[in-house]
Number of protein chains: 2
Amino acid sequence: MESQDLKKAGLKATLPRLKILDILEHSRQRHLSAEDVYKALLEGGEDVGLATVYRVLTQFEAAGLVRRHHFDEGHSVFELELGEHHDHILCVKCGRVDEFYDETIEDRQQAIASKAGYSMTDHSLYIYGICPACQKRA
Amino acid sequence: MESQDLKKAGLKATLPRLKILDILEHSRQRHLSAEDVYKALLEGGEDVGLATVYRVLTQFEAAGLVRRHHFDEGHSVFELELGEHHDHILCVKCGRVDEFYDETIEDRQQAIASKAGYSMTDHSLYIYGICPACQKRA
DNA sequence: CATGCGAATGCGAATACTTCTCATTATCCT
DNA sequence: AGGATAATGAGAAGTATTCGCATTCGCATG
Ligand SMILES: [Mn+2]
Ligand SMILES: [Mn+2]
Ligand SMILES: [Zn+2]
Ligand SMILES: [Zn+2]
């Protein structure tokens, strides 16, 4: 029971929040838009408003349960925060998303921020390209 | 006269396009939103519609005259394409934008894309942090 | 386990940004 | 200069997201 996870994050264990957490955990795709989550709720027969989905996802983000990304698509996508930071590589043809982590890049970013006198708080790195499957299909 | 630049890009040299190009070239800030450009036009006494600003900026982007960025602010910002690729570091307090270029990061990105079997077409890297001035102000 | 208060929800309206439609106007080739 | 055609301005429409508010729910308490 993950009511505890929510309580720990200072959030009441309400039905919408539990259901949304469940969808984020068990969906086939790790990266979901608010609309995706909303559709999944409806398919599951749940009666949750879209505004609530947005509210809850934003709260989850603030609580560190979820991470929000901007994949150059005009809408936010969310994924469960599992502690291990990573960046993304996306196919511009089919929308496939892969993840990677590169120590060298992480280090260089810090160095660049320092050199510019900034105290770095975050970063976002997206690589866009054509995935193997879409290259064959061409 | 940069009518030639537009013609070369396959675009008619209309007044709105010339004015917008002028604003992009001579504004104190290199990174402008559509709204910024629109305001600058109005201040210059020009009668150009906001829809035209959006249309023209999109055409400029397609023609390679301008580059569009998504600075996690919910709207697009544009800057003149001057040939030299660079990435951005942004202050989360005051919105200041600095630019940088790092060969090591560029190389690593290529390597990561290749290893994942992608043919890389583009990338976007934003570093977020607190700028020197805002750190002192804290 | 019933009760009550504040927090959370669902709904529709509102907002922010961007694109579309279409009648009017401007550009540029001859 | 004249006409075919592309571009523009104004406002409506479209997305994604947030807000306002009456109603409902979670949960500490008795
Ligand atoms: Mn991810
Ligand atoms: Mn720049
Ligand atoms: Zn693909
Ligand atoms: Zn600053």
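Plainly put, the tip 7 Å out from Cα toward Cβ on residue A:26 is 6.3 nm from that tip on each other copy, the closest given first.
How shielded is A:124-136 by partner chains, expressed as the average number of their Cβ atoms within 10 Å of its Cβ atoms? Rounded to a whole number, the mean comes out at 6. Of the chymotrypsin sites (Phe, Trp or Tyr not before Pro) in the stretch A:40-132, the ones in a loop by DSSP (not H, G, I, E or B) with at most 16 other beta carbons within 10 Å are A:101.
Taking each residue in A:104-115, count the Cβ atoms of any other chain within 10 Å of its Cβ, then average. What number comes out? Before the final figure, lay out each step's value.
Working: counts 6, 9, 1, 2, 6, 8, 2, 2, 11, 8, 1, 2.
So the per-residue partner count for this stretch is 5.
With its label point put 7 Å out from Cα toward Cβ, residue A:110 sits 2.6 nm from the same residue's point in the other copies, in order from shortest.
For the pair the stretch B:1-71 / the stretch A:1-37, the C-alpha centres are spaced 44 Å from each other. Exceeding 29 Å between C-alpha atoms, which entries from my cross-link table qualify? They are A:115/B:93; A:19/B:93; A:93/B:39; A:115/B:19; A:115/B:8. Going by Cα-Cα distance, A:19/B:93; A:93/B:39; A:115/B:19; A:115/B:8 fall outside the 29 Å limit. What chain B shows is 55 Å² of accessible area per residue, with the surface traced by a 1.4 Å probe over protein heavy atoms. For chain B, the longest principal axis of the Cα atoms and the long axis of helix B:15-26 meet at an angle of about 40 degrees. Residues considered: B:27, B:119, B:76. Largest GNM mean-square fluctuation over chain B, using C-alpha springs under 10 Å, is found at B:119.
For chain B, give the percent of accessible area contributed by carbon and sulfur heavy atoms, probe 1.4 Å, rounded to a whole number. Please report the intermediate quantities before stating the final value.
On the way: 3700 of 7570 Å².
Carbon with sulfur: 49 percent of the solvent-accessible area.
Between residue A:111 and residue B:63, the FRET efficiency from the beta-carbon distance, with R0 = 45 Å, is close to 0.80.
Ranked from shortest, the separations from the 7 Å Cα-to-Cβ label point of residue B:49 to its equivalents in the other copies are 3.6 nm. Taking B:58, B:14, B:104 in turn, the Gaussian network model of chain B (Cα-Cα springs below 10 Å) assigns the largest fluctuation to B:104. Rg/Rh for chain B (Cα atoms only, Rh after Kirkwood) is 1.02. For chain B, the longest principal axis of the alpha carbon atoms and the long axis of helix B:50-63 meet at an angle near 60°. For the pair residue B:13 and residue A:55, label points projected 7 Å from Cα toward Cβ lie 5.8 nm apart.
Applying the criteria of a DSSP loop state and at most 12 other Cβ atoms within 10 Å to the GluC sites (Glu not before Pro) of the stretch A:11-95 yields A:73, A:84. Over all pairs of different C-alpha atoms in the protein assembly as shown, the reciprocal of the mean inverse distance, the Kirkwood hydrodynamic radius, equals 21.4 Å.
How big is the B-A contact in terms of buried accessible area, both chains counted, 1.4 Å probe, rounded to the nearest 100 Å²?
It comes to approximately 2800 Å² buried between B and A.
The values are calculated or read from the model by the stated rules, or taken from the named source; none is laboratory data. Keep in mind it's a predicted model, so treat the numbers as computed, not measured. Cβ: placed from backbone, ideal geometry, glycine included. Neighbour counts: every protein chain shown. Accessible surface areas use protein heavy atoms only, side chains included; no ligands, DNA or RNA. Shrake-Rupley method; radii C 1.70, N 1.55, O 1.52, S 1.80 Å.
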